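The block underneath contains the structure these notes are about, expressed in structure tokens.
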Amino acid sequence: MKALVFGTTGQLARELARRAGPDITLDMRGRDVADFTDPAACAAIVAASDADVVINAVAYTAVDKAEEEEPLATLINATTPTAIAHAAAARSLPFLHISTDYVFDGSGDQPWGPEAPTAPLGAYGRSKRAGEMGITTANGPYAILRTSWVVSAHGMNFVKTMRQLGQSRDQLTIVADQIGGPTPAAALADACLAAATGLLADLGKTGIYHLAGAPDVSWADFAREIFVQSRISCTVSDIPSSDYPTRAARPLNSRLECAAFEVAFGLPRPDWRQGLRDILNDLEKDTA
């Protein structure tokens with residue numbers, strides 16, 4: 001299988017490069033040749049490619065900044081992916097795209113299923129939902145994977161931030177009323193590759209799926225586990241989201257129902273605690 005991958009430096013793109021087996025060839029395109037503010041140029045790359053599948057590992061993810069840059073967030077998260085989806089559909093190429101728990105309003109305490117009504121709270125969620133809608137209306141084969149709380153040894157994310165803060169402070173206050181599934185980027189990469197293979201074998205598996213780490217946990221308890229596994233002596237105190245105001249509202253309930261993905265593509269929800277161990281091992285290697 002040959003996959004055209006948009007993105008080279010993000011958490012998902014880097015894990016795709018690490019985890020693609022010998023039977024998978026990746027044609028990875030970075031921003032120097034794939035400018036996501038130019039939808040037509042990105043669509044032209046798909047039209048000229050000899051790949052079997054297309055994977056989008058590019059996104060605008062600055063949740064708070066999106067409140068003042070919604071047109072740019074929508075261009076990157078919706079307009080360009082939609083153009084790519086149309087180009088892929090014209091050649092019947094399966095298109096893999098990542099979406100987010102932020103398409104939901106975070107109400108209640110039950111896991112959100114793929115068919116649950118969407119109601120984004122802010123600009124970032126609206127941009128991602130617009131991308132989903134654009135891709136589905138392109139009428140080609142696709143798998144949209146909604147995920148949450150992506151972490152890895154690359155870039156900046158919650159694991160790396162907690163380790164940095166925990167090494168310099170004795171105590172941190174972390175929100176405890178937002179619940180979701182931390183997702184190792186490595187597991188998300190495996191899911192993308194499994195979905196790509198599955199779609200090539202059966203285009204009838206087209207649809208929206210959820211893939212997030214298990215078990216569901218609060219940010220505060222996630223931080224505690226990071227400190228335990230990192231052997232960092234930092235105490236975590238729980239606070240409500242109202243004590244940590246942000247420009248963009250965060251969904252309180254980010255639980256995702258992931259059973260359909262396992263049925264379709266054979267991968268169960270990844271255990272984020274093992275994924276965290278792997279991330280910390282990678283970070284240790286980087287500093288050795």
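Key figures
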{"quantity": "D_trans [Stokes-Einstein, Kirkwood Rh over alpha-carbon pairs] for the stretch 244-288, 37 °C, 0.692 mPa s, µm² s⁻¹", "calculated": "235 µm²/s"}
{"quantity": "Degrees between helix 39-48 axis and first principal axis of the chain (Cα, 0 to 90, nearest 10)", "calculated": "60 degrees"}
{"quantity": "Along the chain, longest interval not containing exposed trypsin sites (Lys or Arg not before Pro), exposed being DSSP loop plus at most 16 other Cβ atoms within 10 Å", "calculated": "92-168"}
{"quantity": "Residue with peak Gaussian network fluctuation, the chain [Cα springs, cutoff 10 Å], from THR80, THR173, THR206", "calculated": "THR173"}
{"quantity": "Members of LYS2/LYS160; LYS2/LYS205; LYS65/LYS160 lying beyond 23 Å, as alpha-carbon distances in this model show", "calculated": "LYS2/LYS160"}
{"quantity": "Estimated [θ] at 222 nm from DSSP helical runs (n ≥ 4, -39500 (n - 2.57)) normalised by residues in the chain, nearest 500", "calculated": "-11500 deg cm²/dmol"}
{"quantity": "Debye intensity ratio I(q)/I(0), log10, the stretch 146-288, q values 0.09, 0.19 Å⁻¹ (C-alpha model)", "calculated": "-0.31, -1.12"}
{"quantity": "Using alpha-carbon coordinates, inclination of helix 272-287 to the longest axis of the chain, degrees", "calculated": "90 degrees"}
{"quantity": "Principal-axis tilt of helix 123-136 within the chain, Cα atoms, nearest 10 degrees", "calculated": "30 degrees"}
{"quantity": "Extension gain from GLU284 to LEU203, taking 0.36 nm per residue of separation minus the Cα-Cα distance", "calculated": "25.0 nm"}
{"quantity": "Overall dimensions of the chain as given by Cα atoms, namely Rg and Dmax in Å", "calculated": "18.4, 56"}
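Quick note: the coordinates plus some simple rules give every number you see, no bench work behind them. Computed from a predicted structure; not experimentally measured. Please note: Cβ atoms are built from the backbone with ideal geometry, for glycine as well, and neighbour counts cover all protein chains shown.
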